[in-house]
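So the structure is just underneath, and the comments pick up after that.
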Amino acid sequence: MENKLLIYDEVLQQIKQTSGKRHLLLGNGFSMAYDKNRFSFTSLLKSAIDKGIIEKNSNIYQIFENNNTSDFEEVVKILENTSKVVKIYTQDKKLCEKLLEDSKKLKQFLVNVVTNNHPEKITEISDDKFDSTINFIKEYEKIYSLNYDLLLYWTTEKLREKINNKIIQDKEKFIDGFRNSDNGHDVVFDNISHYNTCFYLHGALHIFDSGDEIIKKTYSRTGRPLKEQITEELNDNRYPVFVSEGTSEQKKTKIIHNAYLNHCYKSLSTIQGNLIVFGTMLKSNDEHIQDAILNSKIKNIYFGVSNLEKGKKELSDFIEKNNNLKKDKKQILFYDYKSVKIW
């Protein structure tokens with residue numbers, strides 16, 4: 001582990017001198033770099049509480065607490081199932097109505113928390129900002145994101161547009177593993193594809209689980225803003241694929257029970273070469289991500305930090321885990337995240 005804080009250009013020079021592939025892991029700092037006032041939350045429930053959308057003294061919050069979860073979908077199901085039980089046991093219509101009303105509120109809370117801080121449309125972001133971000137991401141073979149928002153998706157769409165228009169000379173990049181469905185209407189996850197290079201490790205706003213297929217919402221198929229499509233899905237009791245649980249163990253459980261998320265996680269566990277981490281310090285609730293990286297064949301890991309000593313302290317558990325590996329120890333290096341030019 002080097003005792004030097006690199007600048008980002010030095011990171012690029014180092015990885016270009018190696019024969020290994022280069023990959024990128026993005027955390028919430030990527031979105032905050034665009035607008036910290038929009039994207040400064042780390043979990044949906046915490047954001048809802050901080051914004052007063054969910055009150056800490058409310059019955060809804062107590063259900064989250066008592067069931068040790070921050071999964072909105074799970075709590076919605078608890079409320080709706082409880083209303084059915086209450087109807088059978090007590091025939092208390094008012095209580096049933098209250099439970100269903102709270103369930104409906106919680107669905108709207110989910111929309112509010114995730115989408116209210118989000119740009120309404122891709123056109124709200126200037127081409128200059130996208131150009132900077134495209135120049136940042138196009139250096140990498142694969143991109144892994146921990147974020148729910150659409151910023152990375154929109155950036156890859158802009159990159160693909162530039163490639164198609166021959167503004168950028170490059171092959172197709174950052175394929176997300178979705179393809180046209182047999183019915184011709186949906187864009188679905190192809191779980192036998194091994195060619196995708198863009199992964200949403202904790203799900204995202206535009207990805208939905210229909211039960212037998214993982215579906216991606218797109219503007220190009222409908223001409224309708226994604227926020228509008230998401231609201232419609234929620235009103236029909238369909239939810240975006242989100243890993244919003246509070247602990248790493250809970251997140252890992254949800255991941256392994258979803259075909260798309262499990263595919264993304266397995267991919268991260270098998271990468272080789274160099275990994276650049278921007279916007280996350282992989283704290284305890286992301287221990288499953290730490291484990292995937294340490295189990296991979298990555299040789300060099302570069303963490304973006306503001307201060308070298310602070311970075312080492314925040315990553316002390318990860319560094320200790322790496323030091324305790326019997327083989328395939330990683331070289332951990334640090335760079336100044338402010339030296340990266342994005343947005």
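Structure values in brief
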{"quantity": "Residue identified as assigned to a helix (DSSP H, G or I) and within 23 Å of T231 (Cβ to Cβ) among K94, K104, K84", "calculated": "K104"}
{"quantity": "The listed residue being of a type in the set (G, A, S) and under 25 Å from D236 (Cβ atoms), out of A48, A33", "calculated": "A48"}
{"quantity": "Count of residues meeting criterion [open to solvent by 70 Å² or more (accessible area, probe 1.4 Å), touching a strand residue (DSSP E or B) at 6+ places or on another chain (Cβ under 8 Å) and on the phi > 0 side of the Ramachandran plot] in segment 186-240", "calculated": "0"}
{"quantity": "Selected residue (criterion: nearest to Y61 (Cα to Cα)) from residues of segment 85-106 that are out of contact with any Ser or Thr (no Cβ under 9 Å at 6 or more places or on another chain) and open to solvent by less than 30 Å² (accessible area, probe 1.4 Å)", "calculated": "L106"}
{"quantity": "Considering residues of segment 192-209 that are assigned to a loop (DSSP other than H, G, I, E, B) and under 19 Å from the mean Cα position of the chain (by Cα) only, the residue modelled with the highest pLDDT", "calculated": "L201"}
{"quantity": "Any pair with Cβ under 6 angstrom, 6 or more apart, that starts in segment 284-295 at a residue that is under 19 Å from K313 (Cβ atoms) and of a type in the set (G, A, S) and ends at one that is open to solvent by less than 10 Å² (accessible area, probe 1.4 Å) and assigned to a helix (DSSP H, G or I)", "calculated": "none"}
{"quantity": "Residue among K338, K310 that is surrounded by fewer than 14 Cβ atoms within 10 Å (Cβ to Cβ), in contact with a Ser or Thr (Cβ under 9 Å, 6 or more places away or on another chain) and in a helix (DSSP H, G or I)", "calculated": "K338"}
{"quantity": "Helices (runs of 4 or more DSSP H) wholly inside segment 216-291 that include at least 1 residues being under 16 Å from the mean Cα position of the chain (by Cα)", "calculated": "248-256, 259-268"}
{"quantity": "Residues satisfying the stated conditions in segment 131-183, i.e. open to solvent by less than 10 Å² (accessible area, probe 1.4 Å) and touching a Pro at 6+ places or on another chain (Cβ under 9 Å)", "calculated": "L150, L151"}
{"quantity": "Matching residues, segment 43-72, being modelled with pLDDT under 90, closer than 18 Å to S248 by Cα and open to solvent by less than 80 Å² (accessible area, probe 1.4 Å)", "calculated": "S43, L44, L45, T69, S70, D71, F72"}
{"quantity": "Within segment 18-75, helices (runs of 4 or more DSSP H) holding 2 or more residues that are closer than 30 Å to C198 by Cα and in contact (Cβ under 8 Å) with a residue 24 or more places away in the chain", "calculated": "28-34, 44-50"}
{"quantity": "Flag if D128 is among the acidic types (D, E), open to solvent by 10 Å² or more (accessible area, probe 1.4 Å) and in contact with a helix residue (DSSP H, G or I) (Cβ under 8 Å, 6 or more places away or on another chain)", "calculated": "no"}
{"quantity": "Residue selected from segment 107-125 under the condition surrounded by fewer than 20 Cβ atoms within 10 Å (Cβ to Cβ) and aliphatic (A, V, I, L, M), by the criterion modelled with the lowest pLDDT", "calculated": "V111"}
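Yes or no, residue by residue, for (1) at pLDDT 95 or above; (2) closer than 28 Å to D149 by Cα:
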{"position": "S284", "(1), (2)": "no, yes"}
{"position": "I293", "(1), (2)": "yes, yes"}
{"position": "S296", "(1), (2)": "yes, yes"}
{"position": "K329", "(1), (2)": "no, no"}
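The values are calculated or read from the model by the stated rules, or taken from the named source; none is laboratory data. What you see is a predicted model; the values in this text were computed from it and never measured. We place every Cβ from the backbone using ideal geometry, glycine too, and count neighbours over all the protein chains shown. Just so you know, the surface numbers come from the protein's heavy atoms only, side chains and all, with ligands and any DNA or RNA stripped out. Shrake-Rupley method; radii C 1.70, N 1.55, O 1.52, S 1.80 Å.
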